[in-house]
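Q: Input: one structure, supplied below.
The values are calculated or read from the model by the stated rules, or taken from the named source; none is laboratory data. Because the structure is a prediction, the values reported are computed rather than measured. Note that we place each Cβ from the backbone using ideal geometry, even for glycine, and neighbour counts take in every protein chain shown. Remember, those area values only see protein heavy atoms, side chains included, never the ligands or the DNA or RNA. Shrake-Rupley method; radii C 1.70, N 1.55, O 1.52, S 1.80 Å.
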Amino acid sequence: MVDIISRKSGPRREDVEARRTINRNWPTISRLADQISSGGYSRSRKALADANKTPEPLQSNLHIVGGSSKELEAEPMVRVSMNNRVIVMDVRSGKQLQYLGALRFQGQQKYFALATSGNDFFATVDDETEQKLADLDGVVIESDDVQDKFIQVIKNRLDL
């Protein structure tokens, strides 16, 4: 005797019964999922529903007429950042204008390393700045007062 097994079109009887059981018990499953995830399940479902919504167009029309006729010029300032980078930044916007180097440590001694390829920097200063600050490369910074005076010397040399 030969049994012929063929694929039946449509879902299997077990799958239909499992889907029916899940649909019947969905409120309980959802409540348990929320209980286990401290409400994260419902929040994720709501976030998905919100993401699938198409945004409504704005009802108001904005017209910007005119504007500032003069362009604000950068107001440079030399600063040592929290991670010991010595930079020239714009006071108004806070953007970095130029990277000068870093304060590095050798043992307990802090010193200035000018951003040159000789000091293993990828982003180096331009030639003019390098000539103005070349003799400051390797200067030891012993205290905060010395650091403030050092910054003042850099400002004077760069005419800031």
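Q: Which of the residues spanning the range 22-64 are hydroxyl-bearing (Ser, Thr, Tyr) and either over 32 Å from the mean Cα position of the chain (by Cα) or not in a helix (DSSP H, G or I) (or both)? Can you show your working first?
A: Kept after step one, since they are hydroxyl-bearing (Ser, Thr, Tyr), are these residues of the range 22-64: 28, 30, 37-38, 41-42, 44, 54, 60.
Once the filter is applied, which keeps residues that are hydroxyl-bearing (Ser, Thr, Tyr) and either over 32 Å from the mean Cα position of the chain (by Cα) or not in a helix (DSSP H, G or I) (or both), the range 22-64 yields Thr28, Ser30, Ser38, Thr54, Ser60.
Q: Just to check your reading of the model, which residue among Thr124, Thr129 is over 27 Å from the mean Cα position of the chain (by Cα) and among the hydroxyl-bearing types (Ser, Thr, Tyr)? Steps first, please.
A: Numbers: Thr124 fails: over 27 Å from the mean Cα position of the chain (by Cα).
Sole residue among the options that is over 27 Å from the mean Cα position of the chain (by Cα) and among the hydroxyl-bearing types (Ser, Thr, Tyr): Thr129.
Q: Continuing with the same structure: Which residue, of Arg92, Arg19, is part of a loop (DSSP other than H, G, I, E, B) and either among the charged types (D, E, K, R) or modelled with pLDDT of 80 or more (or both)? It would help to see each step written out before you state the result.
A: Numbers: Arg19 fails: part of a loop (DSSP other than H, G, I, E, B).
Matching residue, one of Arg92, Arg19: Arg92.
Residue-wise test of (1) open to solvent by less than 70 Å² (accessible area, probe 1.4 Å); (2) touching a residue at least 12 places away in the same chain (Cβ under 8 Å); (3) more than 24 Å from Leu72 (Cβ to Cβ).
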{"residue": "Val86", "(1), (2), (3)": "yes, yes, yes"}
{"residue": "Asp90", "(1), (2), (3)": "yes, yes, no"}
{"residue": "Gln96", "(1), (2), (3)": "no, no, no"}
{"residue": "Tyr99", "(1), (2), (3)": "yes, yes, no"}
{"residue": "Ala115", "(1), (2), (3)": "yes, yes, yes"}
{"residue": "Asp127", "(1), (2), (3)": "no, no, yes"}
{"residue": "Val146", "(1), (2), (3)": "yes, no, yes"}
{"residue": "Gln152", "(1), (2), (3)": "no, no, yes"}
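Q: Mind checking which residues of the range 13-24 are loosely packed, with under 12 Cβ neighbours inside 10 Å and not β-branched (Val, Ile, Thr)? Talk me through it step by step, then tell me what you get.
A: So the first thing to find is which residues in the range 13-24 are loosely packed, with under 12 Cβ neighbours inside 10 Å, and the list is 13-17, 19-24.
Within the range 13-24, Arg13, Glu14, Asp15, Glu17, Arg19, Arg20, Asn23, Arg24 qualify.
Q: In the range 31-61, what residues are surrounded by 10 or more Cβ atoms within 10 Å (Cβ to Cβ) and either in contact with a Phe, Trp or Tyr (Cβ under 7 Å, 6 or more places away or on another chain) or of a type in the set (D, E, K, R) (or both)?
A: Passing the criteria: Arg31, Ala33, Asp34, Arg43, Arg45, Lys46.
Q: Can you find even one residue in the range 82-99 that is on the phi > 0 side of the Ramachandran plot, out of contact with any helix residue (DSSP H, G or I) (no Cβ under 9 Å at 6 or more places or on another chain) and among the acidic types (Asp, Glu)? Spell out how you get there, then give the answer.
A: Restricting attention to the range 82-99, the residues satisfying the condition of being on the phi > 0 side of the Ramachandran plot are 84, 94.
Now drop any that are not out of contact with any helix residue (DSSP H, G or I) (no Cβ under 9 Å at 6 or more places or on another chain), which leaves 84, 94.
Next cut, among the acidic types (Asp, Glu) only: none.
There is no residue in the range 82-99 that is on the phi > 0 side of the Ramachandran plot, out of contact with any helix residue (DSSP H, G or I) (no Cβ under 9 Å at 6 or more places or on another chain) and among the acidic types (Asp, Glu).
Q: Take the range 134-160 and flag every residue that is in contact with a Lys or Arg (Cβ under 9 Å, 6 or more places away or on another chain) and over 22 Å from Val91 (Cα atoms).
A: Result: Leu136, Val140, Ile141, Glu142.
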